[in-house]
1. Check the cysteines of the chain one by one and keep only those with no other cysteine Cβ under 4.7 Å from their own.
2. On C-alpha positions alone, give me the angle between the axis of helix 146-155 and the longest principal axis of the chain, in degrees, nearest 10.
3. Where in segment 73-102 does the label zone of Asp29 land, with the point 7 angstrom along Cα→C-beta and an amide N cut-off under 15 Å?
4. Output wanted: per-residue J couplings in Hz (rounded whole) for segment 65-76, from phi through Karplus 6.51 cos²θ - 1.76 cosθ + 1.60, θ = phi - 60°, x for Gly and Pro.
5. State log₁₀ I(q)/I(0) for segment 179-253 at q = 0.21, 0.24, 0.27 Å⁻¹ as given by the Debye formula over alpha-carbon point scatterers of equal weight, solvent excluded.
6. Calculate the length of the line joining the C-alpha centroid of segment 6-65 to that of segment 140-195, in whole Å.
7. Lys/Arg Cβ at +1, Asp/Glu Cβ at -1, dipole of the chain taken about the Cα centre: which of Val196, Tyr180, Phe160 is farthest positive-ward?
8. Please compute the Kirkwood hydrodynamic radius over segment 31-122, one decimal place, Å, based on all pairs of different Cα atoms.
Amino acid sequence: MPMEQAVYFHNNQGEKLAGTLHRPEQPSDAGIILGHCFTCSRHTSVLRDIARHLNGKGITTLRFDFSGNGQSEGDFAQTSYTKHIREMKAAADFLAGQGVVRFGLAGHSMGAAIAMLAASVIRDVRAVCTLAGRLGGSDATKLFTREQMARLEKTGTVSFTSRGRNLALSENFFSDLRRYNLPETVAECKVPLLVVHGDRDEIIPAENARQAKTLNPATELVIIPGADHMFMNPEHRAQIAKRVAGWFERHMA
């Protein structure tokens, strides 16, 4: 029977990252890696549902916590796109040790951006799926108040509360983010790309998904009517999980 197993591996800084490995009934050399949203964890409902559907298709799947989140080690204040890209690469290395040679990448929100950017540093990536991603580019400063940004300029850190946690980010997060051009990455993507977004997304407007289709006409675009950013409606998640699993099954063959 398919099995879910708690696993651990390390990033390039030696921090232990926590994951859930979904093993299918029969060993598979195809594997999908799922990345979560900003300040979230691998237990985000939409990632869990997708992983189980993929597992039912006979595809090995790993969802994991980026450092500083969930059950993974690390200081959240050291969060950066570069660090998380390397952690997705570490996840691929872990799966390679489990016999995986063909990879698919997927992510929700920030994890969507990480999946897009990591596709160029992981060998044998066959397909990428983004869920509620800010693919039109990101100005993280717009997520904070004028007062918070003034404090960042003065002290080098910005503090905020998210999902019940008191957190902080350093200037390095913002300077690192400016290194990446997501619209350019989408436009230059050479592997099949599936973009899924809700038309009621209150965090990242669906226009970001439509822009991805404009930038890369080969993109398969799925807009879920009525869906919010976290895909809270179980019916929406079931629809997405079925669609994403079937799409990966076709493109990982």
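1. Lacking a cysteine Cβ partner under 4.7 Å: Cys129, Cys189.
2. With both axes taken from Cα atoms, the answer is about 80 degrees.
3. So the set is 96-102.
4. 8, 4, 3, x, 9, x, 9, 7, 6, x, 8, 4
5. -0.99, -1.14, -1.22
6. If you average the Cα positions of each part, the centres end up 24 Å apart.
7. Val196
8. Numbers: mean 1/r = 0.0771 Å⁻¹.
Roughly 13.0 Å, rounded to one decimal.
The values are calculated or read from the model by the stated rules, or taken from the named source; none is laboratory data. What you see is a predicted model; the values in this text were computed from it and never measured. Reconstructed Cβ throughout: ideal geometry from the backbone, glycine too, with neighbour counts over all protein chains shown. Ligands, DNA and RNA are stripped out before the accessible areas are found, and what is left, the full protein with its side chains, is counted by its heavy atoms. Shrake-Rupley method; radii C 1.70, N 1.55, O 1.52, S 1.80 Å.
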